[in-house]
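Visitor: Below is a structure I'd like to ask you about.
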Amino acid sequence: MKNGLKPSDKEIVKRLVMQEHEMFPMAIAIDYYKSIYQAFNGPNHFFNKQSYNYLLNEIQNNPQNNYPVIVDLSGFHELWRVNTIIVNQGIISIDKFADVHFATCARIGTNLDNWVAFKRDTSDTFFSLLDSLNVAEIQPLKDDFLNHVLLVNHSKKYHDYYNPHYRLIDPNLFSDKIKNEILEINKNN
């Protein structure tokens, strides 16, 4: 924040793009887009009646992955991508993890009209950064942008390399004990 003022949307986009570039060098344009989309809209693109069963299956079948414990997507909301590995490591039960995720869904509502306006206002910044970083596969993403295609999946390349298994969570919904344990594990990775 500059002079105690809230950062502008474009400043948040720049920070998130640079973070994605530093943390995930194998990411392509769609993966950068997903980070911005999630930071702005929260987790509701992945919230339905089957979410708990999908989470349970994911934790049981993917006990290890190459993904950081947390990725801070804060800016528009307090929001972390939290690796499901913390359930396998016994830091939090699956039920509490799911409860915190669902509570985050309830707190952050997706508004597609706001998303379209946000994309319009920040797309020049977003695409010029991707161009300057030589990010792969920008043109297909630009085409989807123009046609307002809703894209919410990571690329196959990203999935294959990082094997991401996480949920979007407002970190303030964790108990202090759990939040501190997650931060400590993240610091040591």
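Readers should treat all values here as calculations from the given coordinates under stated rules, not as data from a laboratory. Every value quoted in this text rests on a predicted model; they were computed, and no experiment measured them. Note that each Cβ is placed from the backbone with ideal geometry, even for glycine, and that neighbours are counted across all protein chains shown.
Visitor: So, in nm, how far is label Leu112 from label Lys96 when the simple model puts each one 7 Å beyond its Cα toward the Cβ?
Guide: Distance between the two pseudo-spin positions: 3.7 nm.
Visitor: Please work out how much length the chain gains when fully extended from Arg15 to Val152, using 0.36 nm per residue of separation minus the C-alpha to C-alpha distance, in nm with one decimal.
Guide: 47.3 nm
Visitor: Per residue, how much space in cubic angstrom lies within the convex hull of the C-alpha atoms of region 23-129?
Guide: Expressed per residue, the convex hull around the Cα atoms of region 23-129 is 116 Å³.
Visitor: Next up: Using 0.36 nm per residue of separation minus the Cα-Cα distance, give me the extension gain between Asn134 and Glu184 in nm, one decimal.
Guide: Difference between extended and current length: 14.7 nm.
Visitor: Determine how many Å³ per residue the convex hull of the Cα atoms of the chain encloses.
Guide: 130 Å³
Visitor: Something else: For region 103-189, please report how many Lys pairs fall under 25 Å Cα to Cα, leaving out neighbours fewer than 8 apart on the same chain.
Guide: Count of close lysine pairs: 7.
Visitor: Put one equal scatterer on each alpha carbon of region 120-188, apply the Debye formula with no solvent term, and list log10 I(q)/I(0) at q = 0.16, 0.21 1/Å to two decimals.
Guide: -0.85, -1.00
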